[in-house]
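Taking it in order: structure first as structure tokens, then the write-up.
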């Protein structure tokens, strides 16, 4: 090998590069999905990290039947389901802590302050965000998952692939979720 030739990159180095690209391209969407479905920033951080660790471990098994984004969001949705199962189990055996209304962290605690912005508009936006999050939290699990993924800009077919549902089932959940959200948020729409 001459001095100008680069040594061949190891397979582990290539996998690391792929992981770094996956994280750079999709971390925001995975985190947003986890935050919307849990309402808890710390849990969303953990779920995001677990999603990419799981994706890295199973990257060789990715068959390309869907986009990488859809595959990652499906892993994230499954991690969120596990989070809720464990949270329910911990609270059942007395290991979980809850606030007065049995929820996790309030969304207003998760939203960053905007001291440079206009306080009135920031307050209105924060109020709307709380109401939207509350309305989303009231949806049944599958409708909530579909609504959050739809808000992320995924097509119905992509949502079906991410959640392991037929497209017709996704349409039915989306129809019901929209109807319920319109009732809950009618004055804001």
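No value in this document is a laboratory result; all are computed from the given coordinates. Every value quoted in this text rests on a predicted model; they were computed, and no experiment measured them. Glycine also receives a Cβ, built like all others from the backbone with ideal geometry; neighbour counts cover every protein chain displayed.
Structure above, values below:
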{"item": "For the stretch 17-35 and the stretch 52-90, distance of Cα centres in Å", "result": "12 Å"}
{"item": "Between the stretch 132-150 and the stretch 155-189, the Cα center-to-center distance that results, in Å", "result": "8 Å"}
{"item": "Protection proxy ranking of 160-173, 18-31 - average other beta-carbon atoms within 10 Å, highest first", "result": "160-173, 18-31"}
{"item": "Label-point gap, in nm, between residue 19 and residue 85 - each point 7 angstrom along Cα→Cβ", "result": "2.4 nm"}
{"item": "Cβ-derived FRET efficiency at R0 35 Å, residue 123 paired with residue 45, nearest 0.05", "result": "0.85"}
